[in-house]
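What follows is a set of notes on a single structure, which appears directly below.
The values are calculated or read from the model by the stated rules, or taken from the named source; none is laboratory data. This is a predicted model, so every value here is computed, not measured. Backbone-built Cβ (ideal geometry, glycine too); neighbour counts: all protein chains shown. Surface accessibility is based on the protein's heavy atoms, side chains included, excluding ligands, DNA and RNA. Shrake-Rupley method; radii C 1.70, N 1.55, O 1.52, S 1.80 Å.
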Amino acid sequence: MLKLFRAAYICSRAFSRTRTEAAHLFLGMLFSTVASGQRNVHVTADGNGTFALVPNTPLPTVLRSLGMFALLCVPAALGILVTVSSPANRLPLMLGLVITFLLLIWLIVGLRTMMRRSGGAALDTSGLPRGQYYVLSAVGQLPGSNSGVPADLRSRINALPADVTVVTYAEDEELLARYLRLGFVNDRGLRVYFRV
């Protein structure tokens, strides 16, 4: 679980201009890394870079997302339990509801910012080679650091089974050029893919 927190921290710092903006992004990034799954999120050995390489299987992702959402609702559930056992004391209920509400607002702000940055691009596999798809996301490194993200990413991709296609969207032309140097193919707009 610490790896997911580290990955969320790295991405929130990488995708923001200020520490305040990074704080706004953190819970959204944590939600995203939890949804990706512990074994699909990778942090470089030096701890400065991260990426997620997730099989395009929606059900496990949805279940992990629901689990994370349920965790955010724990303060409200505890408040309800304490209030049921002691009906005269409504403070735990109010406190639990307020904490849950604030966590959900923080999550929504972070997810909205992430969607705005990525252009809200949903995975579109039309025109790609047939077969199993992996989605590459949350690629980032701490500002001002050198990390082994390209080498680690290449190693993980090479370890995938044959006939797998890794697909992602580049945020801008600079990132697109980096993907092309790693051997990805640009087929439409900022979408790139790599056929294993």
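I'd like to check something: does region 14-35 contain any residue that is in contact with a strand residue (DSSP E or B) (Cβ under 8 Å, 6 or more places away or on another chain), buried (at least 17 other Cβ atoms within 10 Å of the Cβ) and among the aliphatic types (A, V, I, L, M)?
yes
Filtering region 155-177 down to residues that are part of a helix (DSSP H, G or I) and either without any contact (Cβ under 8 Å) to a residue 24 or more places away in the chain or touching a strand residue (DSSP E or B) at 6+ places or on another chain (Cβ under 9 Å) (or both), which residue is farthest from G127 (Cα to Cα)?
Checked region 155-177; the qualifying residue farthest from G127 (Cα to Cα) is S155.
Quick check on region 166-185. Is at least one of its residues basic (K, R) and buried (at least 18 other Cβ atoms within 10 Å of the Cβ)? Don't jump to the end; show me each part of the working.
Step one: of region 166-185, the residues basic (K, R) are 178, 181.
Subset that is buried (at least 18 other Cβ atoms within 10 Å of the Cβ): none.
For region 166-185, residues basic (K, R) and buried (at least 18 other Cβ atoms within 10 Å of the Cβ): absent.
Find the residue count for region 36-66, including only residues that are more than 17 Å from L142 (Cβ to Cβ) and open to solvent by less than 30 Å² (accessible area, probe 1.4 Å). Steps first, answer last, please.
As a first pass, look at region 36-66 and keep what is more than 17 Å from L142 (Cβ to Cβ): 36-40, 53-66.
Of the ones still in play, those that are also open to solvent by less than 30 Å² (accessible area, probe 1.4 Å) are 36-37, 40, 53-55, 65.
Total satisfying the criteria: 7.
In region 186-196, which residues are over 20 Å from P55 (Cβ atoms) and in a strand (DSSP E or B)?
N186, D187, R188
Give L107, L111 a once-over and let me know the one that is of a type outside the set (S, T, Y), within 19 Å of S32 (Cα to Cα) and either outside any helix (DSSP H, G or I) or at pLDDT below 85 (or both).
The unique qualifying residue is L111.
Being open to solvent by 50 Å² or more (accessible area, probe 1.4 Å), touching a residue at least 24 places away in the same chain (Cβ under 8 Å), closer than 22 Å to E174 by Cβ and assigned to a loop (DSSP other than H, G, I, E, B) is the filter here, so list the residues in region 125-154 that pass it.
Scanning region 125-154 gives P143, N146.
When you scan region 36-49, how many residues do you find that are in contact (Cβ under 8 Å) with a residue 24 or more places away in the chain and either outside any strand (DSSP E or B) or within 10 Å of the chain's Cα centre (by Cα) (or both)?
Of the residues in region 36-49, 9 are in contact (Cβ under 8 Å) with a residue 24 or more places away in the chain and either outside any strand (DSSP E or B) or within 10 Å of the chain's Cα centre (by Cα) (or both).
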